[in-house]
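Q: My questions will all concern the structure given below.
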Amino acid sequence: MDAYYAFLQTIYKYLHQIKKKILFGLSVIYVGIDILIMVQSLMLYLFHYIPVIFQVASLLAALAHPGHIVIYAPGDSLPCRRDAS
């Protein structure tokens, strides 16, 4: 009877260790997915500023070299751009 009880205890300890490893693995996966979602939302947030960055760069270029020809950029919102001709 004692051997059977010791066998059950070792099985229980083994299963408990497996459960700990599985729960730890799932928590690591959950944290990884959470970080991935945060990075993706940050990238989407920053992608909204890309047109503004290009507009500021073109405005600075126009101010630095006012004699240069300004070309038409479709969808551009700078009022100093010339119309397409």
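Q: To the nearest 0.05, what FRET efficiency results for residue 49 and residue 29 with a Förster distance of 25 Å applied to their C-beta separation? Walk me through the numbers before you get to the answer.
A: Details: r = 32 Å, r/R0 = 1.26.
The formula returns an efficiency of 0.20 here.
Q: For the modelled label position 7 Å from the Cα of residue 40 along Cα-to-Cβ, which residues of region 12-29 have backbone nitrogen atoms closer than 20 Å?
A: Within reach of a label on residue 40, which here means backbone N under 20 Å from a point 7 Å along Cα→Cβ, region 12-29 contributes 26-29.
None of the figures in this text is laboratory data; all of them are computed from the coordinates on show. Note that the coordinates shown come from a computational prediction; the quantities given were computed from them, not determined experimentally. We place every Cβ from the backbone using ideal geometry, glycine too, and count neighbours over all the protein chains shown.
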